[in-house]
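The values are calculated or read from the model by the stated rules, or taken from the named source; none is laboratory data. Bear in mind the structure is a predicted one, so any value in this text is a computation, not a measurement. Glycine gets a Cβ as well: all are built from the backbone with ideal geometry, and neighbour counts include every protein chain shown.
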Amino acid sequence: MLIFKTAKELQSYITELKKKRITIGFVPTMGALHYGHLKLIEQAQQQCNISVCSIFVNPTQFNNPADFEKYPRTIEKDIELLENQQLNILFLPTVAEIYPQGMQPTTPYNLGEVTHHLEGAFRPGHFEGVAQVVHTLLNIVQPHQLFMGQKDLQQVKVIQALIQKLNIDTQLIMCNTLRENSGLAMSSRNQRLNPQQLHESAIIYQALNYLVAAYQQNLPIPQSLKNATDMIQQTKQLEVEYLVIANANTLKPLQNWNEAPQIAACVAAYIGEVRLIDNVLIN
Ligand code: AMP
């Protein structure tokens, strides 16, 4: 595995590969890798000749400085996992490398409605930061395909909007969410949970599955959401921030199951200081 720390070196290496018509698959991450990340890399390896993964904890997407400080960083273990996975290229930039002109965005991306709901509403500035870093990384890596997880469904839709708006020549592939045996979505943030919290957080996926059943039985959305919220909050440590049925493309919350062709149940909940998100596609 080659490790690049500067954009310039990686860019010129990739330019040479592309001259030879080698296809590039890219998986951007913030590290503290788990099998969800490795599954994205596996998919990139299956679909492209060369796979690139980046590890960069992007300061501009954290609206909460404590969350940024406490974000797990396990770089040595990550490198070992990536070597075992036979990844071709790891990009490990510093903040100065990604933001040589400073972290202030020049012009806002204005990616429209999809950035306004859910994570956009509860984490002001989050998607501007995500768009900023992914745009920068795409400029450096210039991948044919970009692999992102459904775990962050709204992020996938935001990046799709970015790619369309800026006419970027990259195909975005959304990959399934990997889960623990308990159903809990794998997440770097799970490393901050103690065994009791890990056990209790499994109720989040059960509540999402309850909403799938509620859809199948055509129960009204408001009552279904109340029941699902109560389910989660029966676990004393868990506090729901939002739980909604949303249009799976715009993430707009819905009142009726038939208001959109594709719908998703989306949740954000705190357990202690740790904020977890998850979603399921319903139809
Ligand atoms: P992160 O390191 O959390 O920024 O995530 C990097 C990429 O991995 C994003 O595209 C995430 O959506 C994806 N990802 C995170 N957790 C999972 C999971 N449990 N299953 C599949 N993909 C995931």
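Please go through segment 190-211 and pick out each residue that is more than 21 Å from MET231 (Cβ to Cβ) and touching a residue at least 40 places away in the same chain (Cβ under 8 Å).
Those that are more than 21 Å from MET231 (Cβ to Cβ) and touching a residue at least 40 places away in the same chain (Cβ under 8 Å): GLN191, ARG192.
Going by the structure shown, is LEU111 over 27 Å from LYS157 (Cβ atoms) and at pLDDT 95 or above?
So LEU111 fails the test.
Could you list, in sequence order, the residues of segment 239-269 that are surrounded by fewer than 21 Cβ atoms within 10 Å (Cβ to Cβ) and within 11 Å of ILE204 (Cβ to Cβ)?
VAL240, ALA268
So PRO59 clears everything in (1) touching a strand residue (DSSP E or B) at 6+ places or on another chain (Cβ under 8 Å); (2) surrounded by fewer than 17 Cβ atoms within 10 Å (Cβ to Cβ) except one condition, right? Which one?
(1)
If VAL27 meets every condition in (1) surrounded by fewer than 14 Cβ atoms within 10 Å (Cβ to Cβ); (2) closer than 30 Å to GLY125 by Cβ apart from one, which number is that one?
For VAL27, the failing item is (1).
So SER54 fits all but one of (1) polar (S, T, N, Q); (2) away from the ligand (no atom under 16 Å from the Cβ); (3) under 29 Å from ARG179 (Cα atoms); what number is the exception?
The one condition SER54 does not meet is (2).
One line per residue, one yes/no per condition, for (1) among the hydroxyl-bearing types (Ser, Thr, Tyr); (2) away from the ligand (no atom under 16 Å from the Cβ); (3) without any contact (Cβ under 8 Å) to a residue 24 or more places away in the chain; (4) not in a loop (DSSP other than H, G, I, E, B):
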residue	(1), (2), (3), (4)
HIS117	no, yes, no, no
PRO124	no, yes, no, no
VAL130	no, no, no, yes
LYS151	no, no, no, yes
GLN154	no, no, no, yes
GLN164	no, yes, yes, yes
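Residues checked against (1) surrounded by fewer than 16 Cβ atoms within 10 Å (Cβ to Cβ); (2) of a type in the set (Gly, Ala, Ser); (3) touching a helix residue (DSSP H, G or I) at 6+ places or on another chain (Cβ under 7 Å); (4) over 24 Å from GLU69 (Cβ atoms):
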| residue | (1), (2), (3), (4) |
| --- | --- |
| LYS151 | no, no, yes, no |
| LYS157 | no, no, yes, yes |
| GLN160 | no, no, no, yes |
| GLN164 | yes, no, no, yes |
| ASN167 | yes, no, no, yes |
| THR170 | no, no, yes, yes |
| THR177 | no, no, yes, yes |
| MET186 | no, no, yes, no |
| ILE204 | no, no, yes, yes |
